[in-house]
Amino acid sequence: MSDPQQQDVVSPGPQEDERLKLGYEMAKILLAAQDRTVTNLRTRASAMLATAALVVTFSTSVGLLRFDAQKNVIFPQWAAWVMLALIAVQGFLVMFVLWPVKMKYGHTVVEIVDPPKDAPAAAEKPISRWLIEKMRDYLDANKKKIRRMAVALQAAMLLLLAEVAVVITAIALE
């Protein structure tokens, strides 16, 4: 059985070089797609918070959420507390999506120009398996963070629906 370190030292043929180029280009494309996904999630989260504010503002402006000293409370107190809780949790979820997260979308210039000493000897080539494997590691690490952001955004969307349901229920029961 041969040593993996020795396999990296062996000069690859033209076909192997083409595979490495293709693998490197594909990894770059996937990392760029992850960057766009994060931007998209953050845009949606901002829109979500604006929509929640719109629901509350609209409800207030048309008189759904108001208090009348003569008739006592028009909007039930239970609904006001539920709305406050929903908006607070939703704001937390949106901030989770919007908060800066350390992600990697490629190599540093130093990693490419001067590979670390623990990198295989073949990493000194312009495109090497080591560079591509590092990019794959970045993809995997980013994927977990992106998934958490997506779940938080989905939960915030459900809370927006719950806010609308609370307003409608409070009005219907009045």
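We did not get these values from a lab; they are worked out from the coordinates using the rules stated. Computed from a predicted structure; not experimentally measured. Counting neighbours? That spans all protein chains shown, and the Cβs are built from the backbone with ideal geometry, glycine included.
Between Ala155 and Ala32, what's the calculated FRET efficiency when r is the beta-carbon distance and R0 is 25 Å? Round to 0.05. Before the final figure, lay out the partial values.
Details: r = 27 Å, r/R0 = 1.09.
Efficiency at R0 = 25 Å is approximately 0.40.
Give me the extension gain from Leu22 to Trp99: residue separation times 0.36 nm, minus the current Cα-Cα distance, reported in nm with one decimal.
Details: separation 77, 0.36 × 77 = 27.72 nm, distance 3.39 nm.
Fully extending the segment from Leu22 to Trp99 adds 24.3 nm.
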